[in-house]
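A.B. asks: The structure under discussion is supplied below as structure tokens; questions concerning it will follow.
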Amino acid sequence: MEQLLQKIRANIVQIATSYSKEGTGFYWKKYDLIVTNEHIVRDHQEVIIEAQGVARQMVKVLFIDQKNDIAFLAT
């Protein structure tokens, strides 16, 4: 179980916007996207991400769906 948790943690991305520094997302390797909630990135075209082994950087918000509260970010 610990190995599974470590693998999952390696795919968690911290997301910061002008409103909050508390958001997270999940890197979806198959599609080379970061998946997060729409309410985390609402009203932003770009956000700052940081992850284990990934330097802090600005990425684009590619897609948002307010009804399902989902958003896709570039990597």
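The values are calculated or read from the model by the stated rules, or taken from the named source; none is laboratory data. Remember, it's a predicted structure, so these values are computed and weren't measured experimentally. Using ideal geometry, Cβ is built from the backbone for each residue, glycine included, and neighbour counts are taken over all protein chains shown. The area values use the complete protein model at the heavy-atom level, side chains included, leaving out ligands, DNA and RNA. Shrake-Rupley method; radii C 1.70, N 1.55, O 1.52, S 1.80 Å.
A.B. asks: List residues of the range 21-45, by number, whose backbone nitrogen lies under 13 Å from a label position 7 Å along Cα→C-beta of A74.
C.D. replies: Residues 33-34, 45 fall inside that zone.
A.B. asks: Leaving out ligands and nucleic acids, and using a 1.4 Å probe, what accessible area per residue does the chain come to in Å²?
C.D. replies: Accessible area per residue, the chain: 74 Å².
A.B. asks: Pop out the Kirkwood hydrodynamic radius of the chain from its pairwise C-alpha distances, inverse of mean 1/r, in Å to one decimal.
C.D. replies: Result for the chain stands at 12.4 Å.
A.B. asks: Test of understanding: what is the full-extension gain from S18 to L5, defined as 0.36 nm times their sequence separation minus their Cα-Cα distance?
C.D. replies: Result: 1.7 nm gained on full extension.
A.B. asks: Right, another one. Given I12, T36, I64, which one lies farthest toward the positive end of the charge dipole of the chain, if we put +1 on the Cβ of every Lys and Arg and -1 on the Cβ of every Asp and Glu?
C.D. replies: Positive-most Cα among the choices belongs to I12.
A.B. asks: Looking only at the range 14-28, which residues have a backbone nitrogen under 13 Å from a spot 7 Å from the Cα of I48 in the C-beta direction?
C.D. replies: Answer for this model: 14-23.
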